[in-house]
Amino acid sequence: MALRQICTYPDPVLREKTKHVERIDSSIERLIKDMVETMHAAPGVGLAANQVGVSLQLAVIDLSTREDEGQRHPLLVIINPEILSMEGAVVEEEGCLSIPDYSEKVQRAARVKVRALDRTGKPFELETDGLLAKALQHEIDHLNGLLFVDKLSPLKKNLFKRRFKKALAEKT
Ligand SMILES: [Zn+2]
């Protein structure tokens, strides 16, 4: 296992739509292990493959250390995920390992139903709310080239861009 470098905004890899995982081979298994280790070391509760520069539809979520209204969530690996349905709305503070030292309130669906493959390639469906619903939407957005800051109001988006102006100038 090895730690991977986390790509930060505005790295263009974060804006690519990731590709389907066609086969779960040893390189995918290694990628999953590395991503879990990288997420834990950061520390963070979710990481998408394109955040470590691999443009594939794969993400890991670990909320096992977070209190979520009495619910306990084991480590979750999602491969080729799709959101089947969304319900309700919640506004909560969010952050992202690819946008260091920044958090802001964004609106998400309160409840989601997701279909994905697990780390062995077995399909599963999951319907959930709370922190896990939020994390699933955040990570699946990553796999579609979206970041949580895309959800900010125009005013807050401007403030965000001003704050990251230096990083933008360095990378472009
Ligand atoms: Zn993120």
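Values quoted throughout were computed directly from the atomic coordinates according to the rules given, and no laboratory measurement underlies them. Please read these numbers as outputs of a predicted model, since none were measured by experiment. Neighbour counts are summed over all protein chains in view; Cβ atoms, including those assigned to glycine, are modelled from backbone coordinates with ideal geometry.
Taking only the Cα atoms of the chain, the ratio Rg/Rh comes out at 0.95, with Rh defined as the Kirkwood radius. Using Cα-only point scatterers and the Debye equation, what is log10 of I(q)/I(0) for segment 1-46 at each q in 0.26 Å⁻¹, rounded to two decimals? Log10 of I(q)/I(0), two decimals: -1.08.
Note on R66 and N158: the model spin-label points, each 7 Å out from Cα along the C-beta direction, lie 3.1 nm apart.
In the P(r) worked out for segment 36-114, what percent of Cα pairs fall beyond 20 Å?
Values: 1278 of 3081 pairs.
Looking at segment 36-114, the distances longer than 20 Å represent 41 percent of pairs.
Multiplying the residue separation of V13 and S26 by 0.36 nm and removing their Cα-Cα distance gives an extension gain of 2.4 nm.
If contacts are Cα pairs under 8 angstrom and at least 6 residues apart, what is the relative contact order of the chain in percent?
On the way: 310 pairs, mean separation 41.0, N = 172.
Computed over the chain, the figure is 24 percent.
How would you order 49-59, 66-76, 87-97 from highest to lowest mean count of nearby Cβ atoms within 10 Å? Intermediate values should be presented prior to the final figure.
On the way: 49-59: 22.5, 66-76: 12.5, 87-97: 14.0.
Listed from highest to lowest mean packing, they are 49-59, 87-97, 66-76.
Can you give me the relative contact order of segment 1-62 as a percent, contacts being Cα pairs under 8 Å and 6 or more apart? Taking the mean separation of contacting Cα pairs over the length of segment 1-62, I get 44 percent.
Estimate the FRET efficiency between D150 and E82 by the formula 1/(1 + (r/R0)^6), using the beta-carbon distance for r and 25 Å for R0, to the nearest 0.05.
Working: r = 19 Å, r/R0 = 0.76.
So, using R0 = 25 Å, E works out to roughly 0.85.
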